[in-house]
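Q: For reference, the structure I am asking about is given below.
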Amino acid sequence: MNRQAKKSSEVEFFKRSECPVTNALEIIGDKWTLVIIRDLFLGKKTYGDFQVSPEGIPTNILSDRLKRLESAGVVEKIPYQDKPVRYEYHMTTKGKDLGKVLKALKEWGLKYIPGTSAKLAEK
């Protein structure tokens, strides 16, 4: 896809390089973003669900990363309650395609990092 022909709802995060790895890392390359993506694959959907993850993501970072993932088209925010308005987060097709990436990271971690466990990375 031509870099200029992006959807208006998507943010072009990184413009200094045409490298796909660099650009992907700009969207998903920090620890907290990958933890949120992992949690989405494990079935978590609400802000409260993400807050109780064992890693203890700070609320300001959680809010920021969810907004960035939504801007990048990786997740969509859907209201599930009116008063007060509360949202669930769901993976888009773009987000679901990250499943292979998470699986590869999990397998690498299990192989090379002693003391890791698959139970936090699987349903």
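Q: Dipole magnitude of the chain about its Cα centre, charges +1 at Lys/Arg Cβ and -1 at Asp/Glu Cβ only, in debye to the nearest 20?
A: 160 debye
Q: Tell me the net charge near Lys31. Cut-off is 11 Å between Cβ atoms, Lys31 excluded, with +1 for each Lys or Arg and -1 for each Asp or Glu.
A: For residues surrounding Lys31, the net value is 0.
Q: Note down the net charge around Ile78, summing +1 for each Lys or Arg and -1 for each Asp or Glu among other residues with Cβ under 13 Å from its Cβ.
A: Spelling it out: positives minus negatives among the neighbours equals -1.
Q: What percent does the relative contact order of the chain come to when contacts are Cα pairs within less than 8 Å and at least six residues apart?
A: After rounding, I find 22 percent.
Q: Hey, what's the Cα Rg ratio for the chain versus the globular rule of thumb, 2.2 N^0.38 Å?
A: The value comes to 1.12.
Q: Obtain the nm distance between the two label points defined at Leu110 and Lys67 by a simple spin-label model: each point lies 7 Å from its Cα along the Cα-to-C-beta direction.
A: 3.7 nm
Q: Which of Asp39, Asp49 has the fewest other C-beta atoms within 10 Å, and how do the rest follow up to the most?
A: Asp49, Asp39
Each reported figure results from applying straightforward, stated rules to the coordinates on display, with no laboratory input. As the structure is a computational prediction, the values presented were derived from the model and not from experiment. Cβ atoms come from the backbone with ideal geometry, glycine included; neighbour counts cover every protein chain shown.
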